[in-house]
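*Asks:* Let me begin by handing over the structure; questions about it come next.
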Amino acid sequence: MNWYNILEKVAECQGYKFEERPFQKKMINELQKRFEESRDLSVPVLIRLPCGYGKTQIGESPFLGEIFTGEWFTRGMIYVLPTRSLTVQQTKRIKKDVECLCQLKSCPALSVSDFHGESGTYYFYADAIISTFDTFVYAYARKSRTGHHLEFPAGSISTSYIIFDEAHMIQDDYLYSHAVMNRVLRVLSRSGVPTIIMTATMPKPIKRVIFDGIDYEEYPKSEDIESKNLPSLGTYRGEVKEVKVHEEDMIDYIRKSFSYEMVKGKRILVVCNTVRKAQDAYWEIIKKVSTDRNLDGIVILLHSRYIKRDRERRSNIAIKLMKKPECESCKKPIKEFPIYMTKDQSKIYCSDCASSEMRRLDFVIVVATQVVEAGLDISADWLLTDIAPLDALVQRSGRCSRFTYEKNGRIDLFYYDGVHLPYQKDLVKRAYEILSDGDDEHRVRSLTDFVYSIRVIDEDYEVFRQEISEEDFQRSLRLYLSYLEGSGFSTFSIDWQLLRRISARPNAFITLIAFPKDEKIPIYELEEDEADLHIQGKYRSHHPIKQRLVDYQEMLSLIGTKNIGIKEDFIHAHSFTLSYPYALRNRQPKSFLRHRINKEHFMVELRPIIVDAYPKRECCYLVEKTSLCRPEESNYLVNPEFYDEVGGLKVE
């Protein structure tokens, strides 16, 4: 059966019509031919299609085809994404599709699991794996493994087909991550592992590094894009009517220009280049809209420095509200404001079905960072954004008038001193010059016309410069790349010392655990025993003596006097990751990592251990004091004075 028709069946099962898009259908048919004829499976395929065109369905089509026909060309699918938030969203989406298809075929349920820094497992195995780029690289390199089962993760990779989606978002000024991806792609190609790379906005310098020394096929062809011979992609998004460029700080604009008439009846997305800027913009908007008692709405802040529990709750509300929702009662789409929301923010109702105790919403505003650039299925009537490199701006613009029924999108761009951080200054300045030098049609096409945007992105990246790193860093990178390509899927050349230092990105991440001030923490008091050497090797194991609830200060007072452990699930619900440099000031840990009892100052590290909690063993985290030195790539407790559920981690 045609794989495209299978996707139509899945859509029908979920109660929506699968919109036909010409090039999407062409690519799904092309992939089906390749798999069924076992043709060119070792040749990576690069697919470049616009934001919102349906690349996810292209990527998952071989897996859904295998489920429906029962003919398995591979063990399963590994879907690799650049960020943790994207893996969570795509896992939900793909799991829904797989469950629906399994019901249609009356076949056993298949496993769909996400793997990332917070997922708490080293078993890199499921029928469909959705993984961050970092976790995938560590699994490939055998840095993450299941106990002594060295080849478990690598075996999953070598027998699956691999998708690298949103590959353009794996960015750094050294092109370090792209060089790592290149070496992995070389091995996958040599080993005959089917690989698909999907992107909307990959600039030429990044493309050159990723595909250096690799024969690959590209759809659509670069020459067709450059010669404007690309066949029509069909209608895939709504219309943006105007794009304005402002030479002023976004917060100044919000302070003096935001009015109730401007926000009423709108879904508004505000995107800032840094977390600090997003937090400042959020509080300015709250101050601005809270003064009118006749106008009620919701303002949601989204960034990467929330604990998992808070981040998922905020993302779910934003996704639910930032598109035309369906009324929980009458099941009709709610096309206009006001809309009504239950107190727990879980359900949405139209005016006809709402009750008096529900909250009325006259507008929705989401303030966010780059976390919304891809993967979040949301759409705004009005987008306000800091100017960024053009590939990032095209991604952000893909969240404005995303759906075909939307016809009046508006985008406002802001250029001011310091706006470029964390990007290269020349890249952002050049993007500003390109967008300023032209009329409104030029600006609209630069951000929304696929072929036109590819040309202006490449023009922007003519000023991109690859940062030259320190000599020690370059030497280490050469060793890493040599190991990644030289070892491949062989087990006979493992360099354990080098393996411990391998990183998928130039800056390591540390995991932070934050407990809100008033929250009680469930702890184990542990007793340490010599472990069974046959099972645990040289490690020591623990068993629980007592379990109780404590607050932050009581837990600190117990550290050092007793062995304290916290269950793995509780830790993961309260964790998030942070790039290593953001944790330091003058090579010392920042204030949010510092804790104090009496006159003693220290950091708190959480180390995973095995606890013999009868009748089974559990993973817990041992809570230990550590000196105020430079933190390692580990897990650290945040001082609760620097975290709250509304703003997340307070940036210093």
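*Asks:* Can you tell me which residue in the range 284-308 is farthest from the chain's Cα centre (by Cα), limited to those that are surrounded by fewer than 16 Cβ atoms within 10 Å (Cβ to Cβ) and in a helix (DSSP H, G or I)?
*Replies:* Out of the qualifying residues, it is Lys287.
*Asks:* Please go through the range 160-177 and pick out each residue that is open to solvent by less than 10 Å² (accessible area, probe 1.4 Å), under 20 Å from Val371 (Cα atoms) and assigned to a helix (DSSP H, G or I).
*Replies:* Result: Ala167, His168, Ser177.
*Asks:* Could we say that Arg402 is more than 19 Å from His246 (Cβ to Cβ) and either touching a Gly at 6+ places or on another chain (Cβ under 8 Å) or open to solvent by less than 10 Å² (accessible area, probe 1.4 Å) (or both) here?
*Replies:* yes
*Asks:* I'd like the full set of residues that are at pLDDT below 85 and either out of contact with any strand residue (DSSP E or B) (no Cβ under 7 Å at 6 or more places or on another chain) or among the small types (Gly, Ala, Ser) (or both), limited to the range 587-620.
*Replies:* Arg587, Ala613, Tyr614, Pro615, Lys616
*Asks:* Which members of the range 579-616 meet the condition of being assigned to a strand (DSSP E or B), out of contact with any helix residue (DSSP H, G or I) (no Cβ under 9 Å at 6 or more places or on another chain) and open to solvent by 60 Å² or more (accessible area, probe 1.4 Å)?
*Replies:* Listed by number, the residues that qualify are Gln588, Glu600, His601, Arg607, Lys616.
*Asks:* Before we move on, is Thr91 surrounded by 21 or more Cβ atoms within 10 Å (Cβ to Cβ) and either assigned to a helix (DSSP H, G or I) or in contact (Cβ under 8 Å) with a residue 40 or more places away in the chain (or both)?
*Replies:* It is true that Thr91 is surrounded by 21 or more Cβ atoms within 10 Å (Cβ to Cβ) and either assigned to a helix (DSSP H, G or I) or in contact (Cβ under 8 Å) with a residue 40 or more places away in the chain (or both).
*Asks:* Something else: What are the residue pairs meeting all of these: first residue in the range 225-249, first residue modelled with pLDDT under 85, second residue among the aliphatic types (A, V, I, L, M) and surrounded by 10 or more Cβ atoms within 10 Å (Cβ to Cβ), Cβ atoms under 7 Å, and 6 or more apart or on different chains?
*Replies:* Partner pairs satisfying both residue conditions: Ile225/Val451; Ile225/Ile454; Lys228/Val451; Leu230/Val451.
*Asks:* Given the condition open to solvent by 20 Å² or more (accessible area, probe 1.4 Å), touching a Pro at 6+ places or on another chain (Cβ under 6 Å) and touching a residue at least 24 places away in the same chain (Cβ under 8 Å), answer yes or no: does some residue in the range 354-363 qualify? Spell out how you get there, then give the answer.
*Replies:* As a first pass, look at the range 354-363 and keep what is open to solvent by 20 Å² or more (accessible area, probe 1.4 Å): 354-360.
Checking the rest, the ones that are also touching a Pro at 6+ places or on another chain (Cβ under 6 Å) come to 360.
Those still in the list that are touching a residue at least 24 places away in the same chain (Cβ under 8 Å) too: 360.
Yes: the range 354-363 contains one or more residues that are open to solvent by 20 Å² or more (accessible area, probe 1.4 Å), touching a Pro at 6+ places or on another chain (Cβ under 6 Å) and touching a residue at least 24 places away in the same chain (Cβ under 8 Å).
*Asks:* Given the criterion in contact (Cβ under 8 Å) with a residue 60 or more places away in the chain and surrounded by fewer than 22 Cβ atoms within 10 Å (Cβ to Cβ), identify the matching residue among Arg21, Arg39.
*Replies:* Numbers: Arg39 fails: in contact (Cβ under 8 Å) with a residue 60 or more places away in the chain.
It is Arg21.
*Asks:* Which of (1) modelled with pLDDT of 95 or more; (2) open to solvent by 20 Å² or more (accessible area, probe 1.4 Å) is the odd one out, the single condition Leu269 does not satisfy?
*Replies:* (2)
*Asks:* Suppose we filter Asp472, Asp529 for residues that are out of contact with any Gly (no Cβ under 7 Å at 6 or more places or on another chain), modelled with pLDDT under 75, exposed (fewer than 13 other Cβ atoms within 10 Å of the Cβ) and in a strand (DSSP E or B); which single one remains?
*Replies:* On the way: Asp472 fails: in a strand (DSSP E or B).
Going through Asp472, Asp529 in turn, just one is out of contact with any Gly (no Cβ under 7 Å at 6 or more places or on another chain), modelled with pLDDT under 75, exposed (fewer than 13 other Cβ atoms within 10 Å of the Cβ) and in a strand (DSSP E or B): Asp529.
*Asks:* If you don't mind, there's one more thing I want to ask. Farther than 20 Å from Ser304 by Cβ, acidic (Asp, Glu), free of Cβ contacts under 8 Å to residues at least 60 places away in the same chain and in a loop (DSSP other than H, G, I, E, B), is that true of Glu66?
*Replies:* No, not satisfied.
*Asks:* Given the conditions (1) within 28 Å of the chain's Cα centre (by Cα); (2) assigned to a strand (DSSP E or B), report the number of the one that Val646 does not fulfil.
*Replies:* (2)
*Asks:* Ok, one more. What are the residue pairs meeting all of these: first residue in the range 206-223, first residue in a strand (DSSP E or B), second residue open to solvent by 50 Å² or more (accessible area, probe 1.4 Å), Cβ atoms under 9 Å, and 6 or more apart or on different chains?
*Replies:* Close Cβ pairs (under 9 Å, with a partner that is open to solvent by 50 Å² or more (accessible area, probe 1.4 Å)) amount to Glu217/Asp40; Tyr219/Lys26.
*Asks:* Shifting gears a bit: Among (1) open to solvent by 20 Å² or more (accessible area, probe 1.4 Å); (2) at pLDDT below 95, there is one condition Gln424 misses while meeting the rest; what is its number?
*Replies:* (1)
*Asks:* I would also like to ask the following. Checking Glu60 against (1) among the acidic types (Asp, Glu); (2) closer than 30 Å to Val451 by Cα; (3) open to solvent by 20 Å² or more (accessible area, probe 1.4 Å), only one condition comes out false. Which one?
*Replies:* Answer for Glu60: the failing condition is (3).
The values are calculated or read from the model by the stated rules, or taken from the named source; none is laboratory data. Treat the numbers as computed from the prediction; the structure is a model and nothing was measured. Don't worry about glycine lacking a Cβ; one is built from the backbone with ideal geometry, like all the others, and counts go over all protein chains shown. Please note that ligands, DNA and RNA were not included when accessible areas were found on the heavy atoms of the full protein model with its side chains. Shrake-Rupley method; radii C 1.70, N 1.55, O 1.52, S 1.80 Å.
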